[in-house]
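The values are calculated or read from the model by the stated rules, or taken from the named source; none is laboratory data. Note that the structure is a prediction, hence the values are computed from the model and not measured. Positions of Cβ are backbone-derived with ideal geometry, glycine not excepted, and every protein chain shown enters the neighbour counts.
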Amino acid sequence: GNSVTQMEGPVTLSEEAFLTINCTYTATGYPSLFWYVQYPGEGLQLLLKATKADDKGSNKGFEATYRKETTSFHLEKGSVQVSDSAVYFCALSYNQGGKLIFGQGTELSVKP
Amino acid sequence: GAVVSQHPSRVICKSGTSVKIECRSLDFQATTMFWYRQFPKKSLMLMATSNEGSKATYEQGVEKDKFLINHASLTLSTLTVTSAHPEDSSFYICSATERGRGVSYNEQFFGPGTRLTVL
């Protein structure tokens, strides 16, 4: 079946460090891929998305490229801030407005 | 815009009682609402999908008589956990998609979640 796998957390970084959170997926066809972020005490928010192979999603300094050949959608940021501390979820979806399949989430903690 | 609220944010109940959780879209009309369950250190698991005015569609393995979902209006969906037991303790999250948003896919907007503890 369809599934999403993320790297285990928690990930602890110093401010201004480079961030990579790995995400790989198993799916048939061509799903859309997403990264959601959940700040403490808040609901999930869409961070970025990519709807086809080789698309790059970007937002707030975060980037992820849809790699069909490696079935990956790794999240990167060149210089993290304390305010980036949150839980990050990778997800896929096939349908317009349809259900999302989430990875297990990766907690990021950025220290000053 | 596109804010989803949940109430209550936290509830503690005795085993055998029923608990209702509300999910509201505050500034848009929600065509579809989704209910998820999140276990500690685990992903979100979709429980059911509800469309306004029609019966919810439950995911495999989710007991529809246990988790009653009502989507009575375009801004409100409720999840009732009936005869709750300690194993139902979890974090329940709803999301909603906006009617007629006009994009290639309808983004889901998430509520902040409800922490249910059954004693």
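Computed quantities for the displayed model
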{"read-out": "Of residues in segment B:45-61 being part of a strand (DSSP E or B) and among the hydroxyl-bearing types (Ser, Thr, Tyr), the one surrounded by the fewest Cβ atoms within 10 Å (Cβ to Cβ)", "value": "B:THR57"}
{"read-out": "Residue in segment B:80-90 that is in contact with a Lys or Arg (Cβ under 7 Å, 6 or more places away or on another chain), under 17 Å from B:HIS7 (Cβ atoms), touching a residue at least 12 places away in the same chain (Cβ under 8 Å) and surrounded by fewer than 17 Cβ atoms within 10 Å (Cβ to Cβ) present", "value": "yes"}
{"read-out": "Exclusive hit being more than 25 Å from A:CYS90 (Cα to Cα), among the charged types (D, E, K, R), modelled with pLDDT under 95 and surrounded by fewer than 17 Cβ atoms within 10 Å (Cβ to Cβ), set B:LYS64, B:LYS42", "value": "B:LYS64"}
{"read-out": "Residue ID - farthest from B:ASN51 (Cα to Cα), chosen from residues in segment B:74-97 that are within 14 Å of chain A (Cβ to nearest Cβ) and of a type outside the set (A, V, I, L, M, F, W, C)", "value": "B:TYR92"}
{"read-out": "Subset of segment A:72-84 [within 22 Å of B:LYS41 (Cα to Cα) and assigned to a loop (DSSP other than H, G, I, E, B)]", "value": "A:PHE73, A:HIS74"}
{"read-out": "Test: residue in segment B:5-21 that is at the interface with chain A (Cβ under 10 Å from one of its Cβ atoms), crowded, with 21+ Cβ neighbours inside 10 Å and of a type outside the set (Ser, Thr, Tyr)", "value": "no"}
{"read-out": "Any hit, segment A:85-100, residues being part of a loop (DSSP other than H, G, I, E, B), more than 10 Å from every other protein chain (Cβ to nearest Cβ) and surrounded by 15 or more Cβ atoms within 10 Å (Cβ to Cβ)", "value": "yes"}
{"read-out": "Filter result for the condition that a residue is touching a His at 6+ places or on another chain (Cβ under 9 Å), in a strand (DSSP E or B) and of a type in the set (Ser, Thr, Tyr), over B:THR31, B:THR78", "value": "B:THR78"}
{"read-out": "Segment B:5-33 residues that are at positive phi, paired with ones that are modelled with pLDDT of 95 or more and of a type outside the set (Lys, Arg) (beta carbon under 6 Å, 6 or more apart)", "value": "B:GLY16/B:SER83"}
{"read-out": "Residue satisfying all of: in segment A:27-64; part of a loop (DSSP other than H, G, I, E, B), closer than 13 Å to A:ALA91 by Cα and touching a residue at least 40 places away in the same chain (Cβ under 8 Å); farthest from the other protein chains (Cβ to nearest Cβ) among these", "value": "A:ALA27"}
{"read-out": "Criterion violated by A:GLU69 - all others in (1) acidic (Asp, Glu); (2) closer than 25 Å to B:LYS41 by Cα; (3) surrounded by fewer than 13 Cβ atoms within 10 Å (Cβ to Cβ) satisfied", "value": "(2)"}
{"read-out": "Unmet criterion (only one of (1) surrounded by 15 or more Cβ atoms within 10 Å (Cβ to Cβ); (2) under 14 Å from the mean Cα position of the chain (by Cα); (3) within 23 Å of A:LYS111 (Cα to Cα); (4) not aromatic (Phe, Trp, Tyr)) for A:LEU13", "value": "(2)"}
